[in-house]
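The values are calculated or read from the model by the stated rules, or taken from the named source; none is laboratory data. Just so it is clear, the model here is predicted, and its values are computed rather than measured. Positions of Cβ are backbone-derived with ideal geometry, glycine not excepted, and every protein chain shown enters the neighbour counts.
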Amino acid sequence: MNPLSRNAIIGYLAATFVAGAVAGVFGAKAFPAKPPPRPPRPSGGMSERILQRWTTDLHLTPEQVGKIEPILKRSETEVSGIHQETERRMKASFERMHQEVTPLLDEEQRRLLDELRKKMDRRKTDRSHGTNAPTPPAR
């Protein structure tokens, strides 16, 4: 190989590297990464957070705080019940969906569906225990 072609190859490689770096910078600006998920809020305490915020923002008197606090606690209990009922209904709906779909699948598809359900259960368990580790992509 003569020196000119060797220098040309080095120049082409350098130009390719620079072009890749420039494309990476513009790609990062055009398609920013998703922000990390927020950690789950501790369950309960909604009424305390609201009362604390309202006490500060609305300049509530101690007498008003005493009257408002039971209302907020009652609402928190109602909202919690709504969440639990909604979760129960959604779970039942998904279970019916799987029962209807499963007979339409062949053995391999049933196995894959079962794996997907187990992965979803693990993800739900991880979320309920406060770990938000991403699940590795399926292969």
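Any idea which residue in the stretch 1-43 is modelled with the lowest pLDDT, counting only those that are loosely packed, with under 10 Cβ neighbours inside 10 Å and within 30 Å of Ile71 (Cα to Cα)?
Top of the filtered list is Ser43.
For the stretch 74-95, give me the residue count where each residue is within 28 Å of the chain's Cα centre (by Cα) and more than 30 Å from Arg117 (Cβ to Cβ).
Of all residues in the stretch 74-95, those within 28 Å of the chain's Cα centre (by Cα) come to 75-95.
Keeping just the survivors that are more than 30 Å from Arg117 (Cβ to Cβ) gives 75-78.
Here the count works out to 4.
In the stretch 20-71, what count of residues is obtained for those that are in contact with a Leu (Cβ under 9 Å, 6 or more places away or on another chain) and of a type in the set (Phe, Trp, Tyr)? Walk me through it before giving the result.
Start the filter on the stretch 20-71 by keeping residues that are in contact with a Leu (Cβ under 9 Å, 6 or more places away or on another chain), which leaves 46-48, 50-51, 54, 60, 64-65, 68-69.
Add one more test, that the residue is of a type in the set (Phe, Trp, Tyr), and what stays is 54.
Going through the stretch 20-71 one residue at a time, the tally reaches 1.
What do you reckon, is Glu48 of a type in the set (Asp, Glu), more than 30 Å from Arg127 (Cβ to Cβ) and over 22 Å from the mean Cα position of the chain (by Cα)?
no
Could you give me the residue pairs with C-beta distances under 8 Å whose first residue belongs to the stretch 97-125 and is at pLDDT 90 or above, whose second residue is loosely packed, with under 11 Cβ neighbours inside 10 Å wherever it lies, and which are 6+ apart or on separate chains?
So the pair list comes out as Glu115/Ala138; Leu116/Ala138; Lys119/Thr135; Lys119/Ala138.
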